[in-house]
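Enquirer: Pasting in a structure now, in structure tokens, and then I'll have a few things to ask.
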């Protein structure tokens, strides 16, 4: 069985960072995303998923994936992607648009699996409000998503997970896609459900 890289894509508040953090806590290898974005305290939890660098330093890096989103650069270092592909049975990565998936696919097409986390408008707005976003920020994210086609990227991926319920439900679907679930014998299953 070949080593696989699972790339996660989805609009803002779709749960990409949450799912990746959950998978990392389970011991799954993560390919860090390098970015020029500096995360404010509201998004402090993302600091462990992203390596923020200055624009000048970013330009000197060697990337396999190099994209931009909302005036910030995002990339996956070539050395880290190749290390993941060579040394880890399963690795995960965050993507910010479908062009990143296309760039990564050039190198590991048959061993790349893309997963889109889908949310509906109601969940999108609810999560933005819970994050403390203002109406202007919500409007900005909606307009940006419409302009970039973020809500339509599900058409360009291998799997779609509708992430509108709890994080656990989404995580279970992702683990199933990744083949990281084990079937139990029927007798054990019967005991579990009784």
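Enquirer: Restricting to bridges with both residues inside the chain, how much of the DSSP beta-bridge set is antiparallel, in percent to the nearest 5?
Expert: Taking every DSSP beta bridge within the chain, about 30 percent pair in antiparallel fashion.
Enquirer: Further, regarding this structure: Would you calculate the convex hull of the Cα atoms in region 1-41 and tell me its volume per residue in Å³?
Expert: Hull volume over Cα atoms, normalised by residue count, gives 109 Å³.
Enquirer: Related question: Give me the base-10 log of I(q)/I(0) for region 36-87 at each q in 0.12, 0.21, 0.22, 0.32 Å⁻¹, Debye formula, one uniform scatterer per Cα, rounded to two decimals.
Expert: Debye intensities relative to I(0), on a log10 scale: -0.30, -0.83, -0.89, -1.25.
Enquirer: Convex hull over the Cα atoms of the chain, averaged projected area in nm²? Don't skip to the answer; put the middle values down first.
Expert: Working: hull surface 50.7 nm².
Projected over every direction and averaged, the Cα hull of the chain covers 12.7 nm².
Enquirer: Helix-only mean residue ellipticity at 222 nm, the chain, DSSP H runs n ≥ 4 weighted -39,500 (n - 2.57), per residue, nearest 500. What is it?
Expert: -12000 deg cm²/dmol
Enquirer: Once both labels are modelled 7 Å past Cα along the beta-carbon direction, what's the residue 44-residue 120 spacing in nm?
Expert: Each label point lies 7 Å from its Cα, and together they span 3.4 nm.
Enquirer: For the chain, what does the relative contact order come out to in percent, with C-alpha contacts under 8 Å and a separation of six or more?
Expert: Relative contact order of the chain: 30 percent.
Enquirer: Work out how far the C-alpha atoms of region 118-181 reach from end to end along every principal axis, then list the three figures in whole Å, largest first.
Expert: The principal-axis extents, from largest down, are 42, 26, 13 Å.
Enquirer: Go ahead and run the numbers for FRET between residue 155 and residue 189, Cβ-Cβ distance against an R0 of 35 Å, rounding to 0.05.
Expert: That pair, residue 155 with residue 189, gives E of 0.45.
Throughout, read-outs are computed from the coordinates displayed, never taken from laboratory work. All of these numbers come straight from a predicted model, not from anything done at the bench. When we count neighbours, we look across all protein chains shown, and the Cβ atoms used for this are built from the backbone with ideal geometry, even at glycine.
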